[in-house]
Amino acid sequence: MRLRTAAAGGAVLALALTLSACTKNTGQHDTAGNTRTSTGVIDTNPKDSLGPAAEVPDARKGGTFYVLKQAKISHLDPQRIYSFVGLMTAPLYSRSLTTWKDDGKGHLTLVGDLATTPGTDVNKDCKTWQFTIKDGLKFEDGTAITAKDIAYGIARSFDPDLTGGPTYLQEWLANTPQFDTAWHFTPKAAALPPGLTAPDDKTLRFEFKMPHCDLPFAASLPSSAPLEPDKDTGVNLDSQPLSSGPYRVTKNVPGVELDLERNQYWDPATDPVRHQYPDKFVFSFGPDRDAANNRMISDSGPDQSALAWDDVPSSLMARVVGDTNLHDQVLTSPTPSEARLSINVQRVTDLSVRQALNYAIDRSDLIKTLGGPTVASPVTTLMPPGTIGYQQYDAYPAGDTGDIAKAKQLLAGKTPELVLGSADDSVDLEIATQLKNNLEKAGFKITVKPIPEDSKLDETKEKNNPWDLYVDNWAADWPSGASILPPLFDGRKIQDSGNSDTSYVDDPAIDSEFDRVLALDPAKQGPEWAKLDQRIMKELAPAVPLYVDVRYELHGSKAGGLFIGSVFGYPAFTNAFVKA
Amino acid sequence: MLRFLVKRLLSAILVLLAVSVLSFLMFFALPRDPVTAMCPKNCDAQRLERVRQELGLSDPLYQQYVGYMKGIFVGRDLNSAQGGHCDAPCLGYSYVNSEPVTHTLTRVLPVTLSIVIPAAVLWFGLGVGLGMTSALRRGTLLDRLAIGFSLTGASLQLYFVGAVLLLVFSYTLHVVPVPHYTSILVDPLRWADGLVLAWVTLAFLFCAIYARLSRAQMVETLSEDFVRTARAKGLPRSTVYGRHALRAAITPLITIAGMDVGAALGGTVVTETTFGLQGLGRTAWDAVREGDLPTIMATVLIAAVFIVVANIVVDVLYAAIDPRVRLR
Amino acid sequence: MSLSNADDIALSEISATGPQPPLPKAGLVGRSPGQQAWARLRRDRVATVSGAVLILFVVVALAAPLIQRLYGVGPQQQFQDALDGLGMPLGYAGGITGGHWFGLEPGLGRDIFIRMVYGLRTSLVIAVAAAVITTLIGVAAGVLAGYLGGWVGAVIGWVTDFALAMPFLVVALALVPTVTLRFYGPRQAEPAVFRAGLLIVVFAVFGWTGAARLVRGQIVSLREREFVEAARASGVGLGHMLFRQLLPNTWAPILVSFSLAVPSYVTGEAVLSFLGIGIVDPTPDFGAMIYRSIDYLQTDPTYVFFPGVTIFLLVLAFNLFGDSLRDALDPKSSR
């Protein structure tokens, strides 16, 4: 009978699955604690900006290093890079004015990269900054890199055709967010935007109308990479950027493969952070998270010298955490990317309700939903623990599992009806389901409203968005409170759309505190930001800090020198090598 | 015959036009705004509007549509944000991939063809083989096994079977490499190696309909007079089954195969996702998610062309194989 | 997605039941073809077993609230205390206990059994409704095109080609979230029914072509038969012609087509979930469950096992039943 054979087919499948299900899960996992705090400052000693970078123990030259990633790198053009993978890959083929010296353990200092120091604040007012360019810098074609090439690179980022990259330098120079109308860029021309000058080949000057003490940090982004005006190919630079770093792009099939090979004109003596260990880097795009990480577990062939860029999925985590053989292949660290439950204070005007939300939150169950401590780590502060000058505090102490009684007491019998906007992909909806069930225990009435995943970000950034709560993420461009608290809570920056202040906090007292701290020497700002963080949470409770993402990645057994970068929380390739 | 072809082609062109108009309109109804996606942080409304203009997305819809369609036949001049002049056949410039869409298509089309065509040969062969075997050995264990096997396949899901096969054969036993695409022109062995898992999975899942149909056809044909006559004439079994019986049974099979291949070429999103291959389906899918209008238009049109052409080919083949069919 | 045009061609092998003069009302000798088919179906063991399995599934789906009351656990209840730190169920085989027959979902810690019962309900409602609607549209379009022919037939044929050429998944991706947003206010929760209804509509828009082609083919071949010509000569109206003469002679392939369409929508709905545009959390849904569970193949095979085997049985039962139905209706094609 057909029936019997078909049933037999099913039975074989069933048996195979059942056999693998018969082990008891006692919950004993070895998940080593992983906390990291940064002790970072700007290092103005020119010696520290010199190369060559210290050798990595056991590193050797040679071999091909592979990187597996599902989605392509959206931009390779340094002036357009803003994705994490772009920011972490750019240092291989492009250098910027300043760069971070990072040991992956929290020792983080800003040093000069193309410049001899991380900039000189000429009049001590943060308005005029001067950089001296190092000797011996060359592009991949052997041409010397001058201050004019760096200035041209910055000028290029004014071009409205070349969107996507950071806009700090442009906005500060033009003194307006409409920088592309304030000054028009002409390709291959020598004209420079107002305030940017290159008086000679070795000097670059920024003159701002307003003080910008964070310039040395902003100059570490790849948008300050140099480009020879003659070599500017406009939008096509995205597929073939001109290298100034230790590697150059030798093959680029968008969405499939990116090959980087050694750039013979790169001089290690000029570079404080980069190495040139592998002969070649090959990025291969396409394999999804499951596939890439399963390949790392198999650890065979060329995959042995590969990194799976995408985190181990929570569905595979128990397998990886439980396998002691894999522990040498794990790369893990908490990141500076923090998720918070933003409370729209325009709608939820009652402070006690916002405080009750803070008391009610059960971070322990939320983290179980996400996949455990290897996926997320709870936080109670607005700034993530990696921030310079960070201080731990909990404005609404309720333990890991929340204090429902305290929340109910604050609500005093009220049952606030709140709408939680959530992206409609499966992970976000699970988080929303978790939050709803959690908060309803304290007496809230939560409606989960799915918003199409692709537009959720834009819609919550609209001032008059109709939701009370939504989960937001913030990953700063540099680990200073200056790039976290003012963007998130400065009420003067609120516009109709495109807001980062998605809680829509507008408090003049807080705003003037921002101005005061921003005018301080960056080295002294750290503790001040920490105090302000606490004050915002206590006085306004505009959000419920939830967790920071934990990076948990696998690499092959022969991939060496990898570490999780402290600034963006993604793997850094500057020390990478292939083991023998 | 000629009249039929002309009529069919005209109707096909109308279908393609309608598909292009509808997918164009659909794009503008999408919740995703491609411009905000391009300008992730620090972009206010005024700047967004300027980017939109650079990309030509703020022009009147009909103007954008006509511009796009014109580009396919005579080429068009795009501005510097879209890579400058674009020769015919111009499918536009993808502002998400930073390359002309024709480049994207020449890259991803071979992947989809390499998945579908060998898989189709395999599922056709496997299906017809199973069906014939069980027809000739009616009522035996072999018959039951063959039909049971094909029904099992038909009742399973691609992503399910794909995941299990990947886990067992690629990740655990290392019998087959993890699916990847290498051009057949570069290294035919690596090409086959990287796709075999996808072929086998597709064949297993798709062969059922062919097995069922060819079995039924064979059973019916075997009982017809001309087969009995042929057998009586003393023709060898193989000639009778192969030439006479199979020929009569094959017409509807060809029809299904044509339709299936057309549909598969246009929509292998699930296969490509399961096996991590970047083909036409996956590219169309990504384009919709990223709001990449030129790529959406191009992939949708190509898929529609496959389906429409498959339809015509099937009609013509039908007439060629079976002289009883007259095309009007 | 197997909204393939394959089935209709396979079905067209069941020839129209041919001329059927009005049957003797109370004949003692003859049995109607329908009665004959029913008898054949009842004798077919495959049909009996698969039919029984299908009835069981339907009963479970209908009785979901009752089962919940007896079982004592709801589909939204979370049991995260029974999960370890990584969110995986504690104990043996994915947390199977006397209280949780099929174990717990990793992460949210909901009961798999009760979610499957409710999920079956969602999936079956969507699949059956979609199959009914597509069959109705398909029959209407097929009959009109086949009987009237001419420009009506040409237009319907063209629309069929058009529906085939539109990329189903891309349209679904564009349509589902957009429409949802238009229909419900931004602060209104969208009822699960709405999303399900939307999926039914999406299936209906694309799925009717198979039935239409099938019916059209049948009608075209019937049109030239003597009994139809006789009716036409006697000057009966269009309604009589369609409902008394033509349709009664095509019901067999339509019925089979319907029984094969249902499983194709069950799996189609699962594919939409796989791509993230199907039924969304917290509504329990079979397709969504299977899609989510498949990632846990290595870490929680029990989670994969129950939904996986159930959908396999459901689709297999439908396929077997459809096959048997075809055999019963067309004795020529059977063994």
Next item on the list: Report, by residue number, each residue of region A:251-276 that is more than 25 Å from the chain's Cα centre (by Cα) and in a loop (DSSP other than H, G, I, E, B).
Entry: A:N263, A:Q264, A:Y265, A:W266, A:D267
Notebook entry, point to check: Which one is surrounded by the most Cβ atoms within 10 Å (Cβ to Cβ) among residues in region A:258-292 that are at the interface with another protein chain (Cβ under 10 Å from one of its Cβ atoms) and out of contact with any His (no Cβ under 9 Å at 6 or more places or on another chain)?
Noted result: A:A292
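Conditions tested, residue by residue: (1) in contact (Cβ under 8 Å) with a residue 24 or more places away in the chain; (2) away from chain C (no Cβ under 14 Å); (3) more than 30 Å from A:L429 (Cβ to Cβ); (4) touching a helix residue (DSSP H, G or I) at 6+ places or on another chain (Cβ under 6 Å).
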{"position": "A:T460", "(1), (2), (3), (4)": "yes, no, no, no"}
{"position": "A:P466", "(1), (2), (3), (4)": "yes, no, no, no"}
{"position": "A:L469", "(1), (2), (3), (4)": "yes, no, no, no"}
{"position": "A:S480", "(1), (2), (3), (4)": "yes, yes, yes, no"}
{"position": "A:P486", "(1), (2), (3), (4)": "yes, yes, yes, yes"}
{"position": "A:Q495", "(1), (2), (3), (4)": "yes, yes, no, no"}
{"position": "A:N499", "(1), (2), (3), (4)": "yes, yes, no, no"}
{"position": "A:Y504", "(1), (2), (3), (4)": "yes, yes, no, no"}
{"position": "A:E513", "(1), (2), (3), (4)": "no, yes, yes, yes"}
Notebook entry, point to check: Which ones in region A:494-520 are exposed (fewer than 15 other Cβ atoms within 10 Å of the Cβ) and among the polar types (S, T, N, Q)?
Noted result: A:Q495, A:S512
Check: Taking helices (runs of 4 or more DSSP H) that fall entirely within region C:126-244, which contain at least 3 residues that are small (G, A, S)?
Finding: C:150-165, C:192-223, C:226-233
Next item on the list: Could you please find all residues in region B:67-112 being free of Cβ contacts under 8 Å to residues at least 40 places away in the same chain, in a loop (DSSP other than H, G, I, E, B) and crowded, with 19+ Cβ neighbours inside 10 Å?
Entry: B:L78, B:G83, B:C90, B:S98
Note to self: Condition (residue is surrounded by 18 or more Cβ atoms within 10 Å (Cβ to Cβ) and of a type in the set (K, R)) applied to region A:414-432: is it met by at least one residue?
What the structure shows: no
Notebook entry, point to check: Taking region B:193-209 only, how many residues are more than 14 Å from chain C (Cβ to nearest Cβ) and among the hydrophobic types (A, V, I, L, M, F, W, C)?
Noted result: 7
Notebook entry, point to check: Considering region B:126-146 alone, what residues qualify as being under 26 Å from the mean Cα position of the chain (by Cα) and either at pLDDT below 80 or surrounded by fewer than 23 Cβ atoms within 10 Å (Cβ to Cβ) (or both)?
Noted result: B:L126, B:G129
Checklist line | Any chance C:P65 is crowded, with 18+ Cβ neighbours inside 10 Å, of a type outside the set (A, V, I, L, M) and at pLDDT 80 or above | finding: no
Next item on the list: Consider A:D161 carefully, then state whether it is surrounded by fewer than 21 Cβ atoms within 10 Å (Cβ to Cβ), part of a loop (DSSP other than H, G, I, E, B) and at pLDDT below 90.
Entry: yes
Next item on the list: Under 7 Å between Cβ atoms, at least 6 apart or on separate chains: pull out the pairs that start in region C:77-99 with a residue that is part of a helix (DSSP H, G or I) and end on any residue that is acidic (D, E).
Entry: C:Q80/A:D365
Item checked: Scan of region A:119-146 for residues that are surrounded by 23 or more Cβ atoms within 10 Å (Cβ to Cβ) and among the small types (G, A, S), ordered by number -> A:G119
Next item on the list: Can you tell me which residue within region A:521-535, out of those that are out of contact with any strand residue (DSSP E or B) (no Cβ under 9 Å at 6 or more places or on another chain) and either of a type in the set (A, V, I, L, M, F, W, C) or under 20 Å from A:R492 (Cα atoms) (or both), is surrounded by the most Cβ atoms within 10 Å (Cβ to Cβ)?
Entry: A:W529
Check: How many of the residues in region B:259-275 are modelled with pLDDT of 75 or more, under 13 Å from the mean Cα position of the chain (by Cα) and assigned to a helix (DSSP H, G or I)?
Finding: 7
Note to self: Can you pull out every residue in region C:278-293 that is crowded, with 23+ Cβ neighbours inside 10 Å and either among the aromatic types (F, W, Y) or more than 8 Å from chain A (Cβ to nearest Cβ) (or both)?
What the structure shows: C:G278, C:I279, C:P284, C:D285, C:F286, C:G287, C:M289, C:I290, C:Y291, C:S293
Note to self: If the requirement is being in a loop (DSSP other than H, G, I, E, B) and without any contact (Cβ under 8 Å) to a residue 12 or more places away in the chain, which of these qualifies: A:P177, A:P194, A:P187, A:P211?
What the structure shows: A:P177
Note to self: Quick test of your reading of the structure: B:V227 fulfils all but one of (1) surrounded by fewer than 24 Cβ atoms within 10 Å (Cβ to Cβ); (2) in contact (Cβ under 8 Å) with a residue 12 or more places away in the chain; (3) within 14 Å of chain C (Cβ to nearest Cβ); (4) farther than 30 Å from C:S293 by Cα. Name the failing condition by number.
What the structure shows: (3)
Checklist line | The lone exception for A:V505 - which of (1) under 24 Å from A:D394 (Cβ atoms); (2) part of a helix (DSSP H, G or I) it fails | finding: (2)
Check: In this structure, does A:K101 turn out to be of a type in the set (D, E, K, R) and free of Cβ contacts under 8 Å to residues at least 12 places away in the same chain?
Finding: no
Notebook entry, point to check: Are any residues in region A:298-354 hydroxyl-bearing (S, T, Y), closer than 30 Å to A:F444 by Cα and within 14 Å of chain C (Cβ to nearest Cβ), and if so, which ones?
Noted result: A:S314
Checklist line | Verdict on B:R190 being assigned to a helix (DSSP H, G or I), surrounded by fewer than 16 Cβ atoms within 10 Å (Cβ to Cβ) and more than 11 Å from every other protein chain (Cβ to nearest Cβ) | finding: yes
Notebook entry, point to check: Can you tell me which of C:L260, C:L297 is over 20 Å from A:V427 (Cβ atoms) and either modelled with pLDDT of 75 or more or under 15 Å from the mean Cα position of the chain (by Cα) (or both)?
Noted result: C:L260
Notebook entry, point to check: For C:I133, which of the numbered conditions (1) within 14 Å of chain A (Cβ to nearest Cβ); (2) out of contact with any Leu (no Cβ under 9 Å at 6 or more places or on another chain); (3) not acidic (D, E) fails to hold?
Noted result: (1)
Notebook entry, point to check: Are any of the residues in region B:36-45 at pLDDT 75 or above and in contact with a Phe, Trp or Tyr (Cβ under 8 Å, 6 or more places away or on another chain)?
Noted result: no
Notebook entry, point to check: When A:L237 is evaluated against the numbered criteria (1) surrounded by 21 or more Cβ atoms within 10 Å (Cβ to Cβ); (2) in contact with a helix residue (DSSP H, G or I) (Cβ under 6 Å, 6 or more places away or on another chain), which criterion, by number, is the only one it fails?
Noted result: (2)
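Can you confirm whether C:F203 is in contact with a helix residue (DSSP H, G or I) (Cβ under 9 Å, 6 or more places away or on another chain), aromatic (F, W, Y), away from chain A (no Cβ under 14 Å) and crowded, with 16+ Cβ neighbours inside 10 Å?
yes
The values are calculated or read from the model by the stated rules, or taken from the named source; none is laboratory data. All figures in this text were calculated on a predicted structure; none of them were measured in a lab. Cβ sites come from the backbone with ideal geometry, for glycine too, and all protein chains shown count toward neighbours.
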